[in-house]
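Have a look at the structure below, then the notes.
The values are calculated or read from the model by the stated rules, or taken from the named source; none is laboratory data. Predicted model only: the values in this text are computed from it and were never measured. Neighbour counts are summed over all protein chains in view; Cβ atoms, including those assigned to glycine, are modelled from backbone coordinates with ideal geometry. Please note that ligands, DNA and RNA were not included when accessible areas were found on the heavy atoms of the full protein model with its side chains. Shrake-Rupley method; radii C 1.70, N 1.55, O 1.52, S 1.80 Å.
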Amino acid sequence: TTAAPTDDPTTAAPTEETTTAASTITSKPTSPRPPSPGFPKKVLGLYILLADDYEEGWESDADWSPKLFEYQQLGANVLFFTFINPGTMQVPLAFERLAATRGTGAEGAVPADTLIIFAIGGYAYSLDPNPWEWLTSRSAAEAMAETVATWKSKFGIDGIDMDIEEGAGSQAGAGENLLHFIHKLKSLEPDMLVSQPTYGYPQIQAEIDVINGGWDPSANRDLEADSVGLMVYEGTQALQYVKNYAEGTSQWEGFPIHVDVPRSEILLGCKGSSSPGTIVQLAEAAIKDDILGIMVWYASVVDGLKYQVSWDSSGSMTSQEGYVEAMELFRQNM
């Protein structure tokens, strides 16, 4: 056994605006989409900010058409469209418009081989609304799953990201009902991907329940979440927390995670503005240790919503080059 940890990692609640730098990166296109459903063998996923009902001018019904930077087309093979308000579950107009560009070749469009994941919740939306009404009962959860199941054909997306954090994620029953939601969703749309972010040290009960339930040896993996993402973004610190999920059964007695998630289903967190050295180090570790890949918080799009200046990959030319280099490494190892 190992000793109980003495301190927990924390996540930032971005509130400030950033500036954006243009990119002139040139490289090969992103990796081909897999012939079978599921994530690519190696994932480089960017959380791109498109909507926030708490930010004036960027609400879910805001009338604008997002465009990607070139590095986002070349240096990623998964895009997390961020965020859907769990209080309304309205798909923002910006999500719909950007998703519709996939494969068109238009300026700022999503490449044909890039997966689109709609992210639900986030830090602020977990504090308010709290609880998420559709996670207060099994019937409500399954009814919402029926709605979300239509998004795949209606918007042409590949999956959802269940970013339920402190607040709604700590409500009694939220995790159990989230599992009912996922089971129903997967029964209706078996190819719909579900990614589950979590803190480096497991702290949020709903996240813990999805992971323990989803990777229990008796679980039907076809009806469970597909990946776990570590919300640890400073440097390469995410690597230190892989064992909390990959080796959950080997931790100290009473440890919240009771299962072993395959490393090939774990994403490493990476700050958007990380140095190229850090980005490549994470990519090389993912290749060496058969980890699924990297998820990046965060990236603004052209003339789009921004939070903290120090976190935005679009404000750092060197970070942009790092993601393109990391994506090239992944392409060579798929």
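Test V232 against the stated conditions and say whether it is open to solvent by less than 20 Å² (accessible area, probe 1.4 Å), under 30 Å from A172 (Cα atoms) and among the β-branched types (V, I, T). Judged against the criteria, V232 is a match. Inside segment 109-152, residues that are part of a loop (DSSP other than H, G, I, E, B), among the polar types (S, T, N, Q) and under 15 Å from S170 (Cβ atoms) make up a count of 2. Considering segment 293-326, the residues that are touching a strand residue (DSSP E or B) at 6+ places or on another chain (Cβ under 7 Å) and open to solvent by 10 Å² or more (accessible area, probe 1.4 Å) include one that is farthest from L98 (Cα to Cα), namely W311. In segment 221-235, of all residues being among the hydrophobic types (A, V, I, L, M, F, W, C) and either in a strand (DSSP E or B) or under 13 Å from the mean Cα position of the chain (by Cα) (or both), the one that is farthest from G38 (Cα to Cα) corresponds to V232. Contact map, segment 249-261: first residue farther than 22 Å from L292 by Cα and open to solvent by less than 50 Å² (accessible area, probe 1.4 Å), second residue modelled with pLDDT of 95 or more and aromatic (F, W, Y), Cβ cut-off under 9 Å, separation 6 or more or different chains; pairs are P256/Y201. In the set (1) assigned to a loop (DSSP other than H, G, I, E, B); (2) touching a Cys at 6+ places or on another chain (Cβ under 8 Å), S274 fails one condition alone, (2).
What do you reckon, is A94 buried (at least 19 other Cβ atoms within 10 Å of the Cβ), at pLDDT 95 or above, in a helix (DSSP H, G or I) and aliphatic (A, V, I, L, M)?
So A94 fits the description; yes.
Restricting segment 44-53 to residues that are touching a helix residue (DSSP H, G or I) at 6+ places or on another chain (Cβ under 6 Å) and part of a loop (DSSP other than H, G, I, E, B) leaves a set whose member that is surrounded by the most Cβ atoms within 10 Å (Cβ to Cβ) is L50.
Restricting E207, E146, E176, E189 to residues that are open to solvent by less than 10 Å² (accessible area, probe 1.4 Å) and of a type in the set (D, E, K, R) narrows the list to E207.
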